[in-house]
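One structure is given below, encoded as structure tokens.
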Amino acid sequence: MVENRMSKAAGLVAVLALAAGIAGCRVHVDKGANGEDKNVQVDTPFGGVHVNTDQTSASDLGLPVYPGASAVKGDDEHKSADVHMGFGEWQLRVRAVSYSTPDAEDKVVAFYKKALGRYGDVITCDRNTAVGTPVATSEGLTCEDDKKGGHIQIDHRDYGSGKNSLELKAGSRRHQHIVGFETPKEGNTRFALVALDLPAGMSGDSDKSD
């Protein structure tokens with residue numbers, strides 16, 4: 001999940017900053033009950049990395065919780081996360097939270113197609129291929145965009161859904177809202193709500209990345 005990747009990035013930033021002797025570098029780590037890194041903050045005069053886990057909800061992403069759904073708990077691969085990396089004008093933020101419901105997937109899909117409508121056109125993606133219409137949002141977001149990540153790539157693995165999963169997307173290349181569905185577990189539909197804010201140029205089309 002993106003939390004694991006960005007936690008490693010935070011550690012790397014800290015090591016490089018300390019090795020370079022950057023004045024004002026601050027590293028703060030909060031441990032969870034089992035000793036895992038729960039919140040990581042690395043701040044330097046040039047920017048920093050903040051990783052917060054188990055504190056993100058659907059409302060933080062600007063989306064509703066599917067009625068009766070429960071947040072997935074006790075699973076390192078699906079815990080909620082809010083990751084922010086900022087260095088001057090270069091800003092990357094990923095927020096994700098996973099839920100589970102006994103309702104059928106098609107009911108959840110219909111619910112979030114409507115909910116995502118507040119962000120414009122909604123596209124349905126299956127294995128990075130558009131299903132039905134539209135095949136792209138009016139702001140240029142397509143089902144193929146997660147292949148154009150540049151030096152840092154954000155893909156299905158980062159927010160808990162499988163590579164062959166169904167996804168709903170809305171927004172632009174740089175500012176996306178995603179609902180990704182996983183293989184049902186114990187008869188329940190599991191899905192991840194994601195908000196991506198990507199740096200300029202990271203979308204693979206710097207002229208139309210907003």
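Observations on the structure shown:
- In region 189-202, the residues that are open to solvent by less than 10 Å² (accessible area, probe 1.4 Å) and out of contact with any strand residue (DSSP E or B) (no Cβ under 7 Å at 6 or more places or on another chain): none
- Hits in region 57-75 - residues which are on the phi < 0 side of the Ramachandran plot, assigned to a loop (DSSP other than H, G, I, E, B), out of contact with any His (no Cβ under 8 Å at 6 or more places or on another chain) and at pLDDT below 95: SER57, LYS73, ASP75
- Qualifying residues in region 31-56 (those that are in a loop (DSSP other than H, G, I, E, B) and closer than 22 Å to PHE191 by Cα) - the one modelled with the highest pLDDT: THR56
- Single residue of region 176-188 satisfying the filter (assigned to a strand (DSSP E or B) and farther than 18 Å from SER57 by Cα) that is most open to solvent (accessible area, probe 1.4 Å): LYS185
- Residue in region 107-129 that is surrounded by the fewest Cβ atoms within 10 Å (Cβ to Cβ), counting only those that are closer than 15 Å to ARG173 by Cβ and not hydroxyl-bearing (Ser, Thr, Tyr): GLY120
The values are calculated or read from the model by the stated rules, or taken from the named source; none is laboratory data. No experiment lies behind these values; they were computed from the predicted model shown. Note that we place each Cβ from the backbone using ideal geometry, even for glycine, and neighbour counts take in every protein chain shown. Accessible surface is based on the protein model in full, side chains and every heavy atom, while ligands, DNA and RNA are left aside. Shrake-Rupley method; radii C 1.70, N 1.55, O 1.52, S 1.80 Å.
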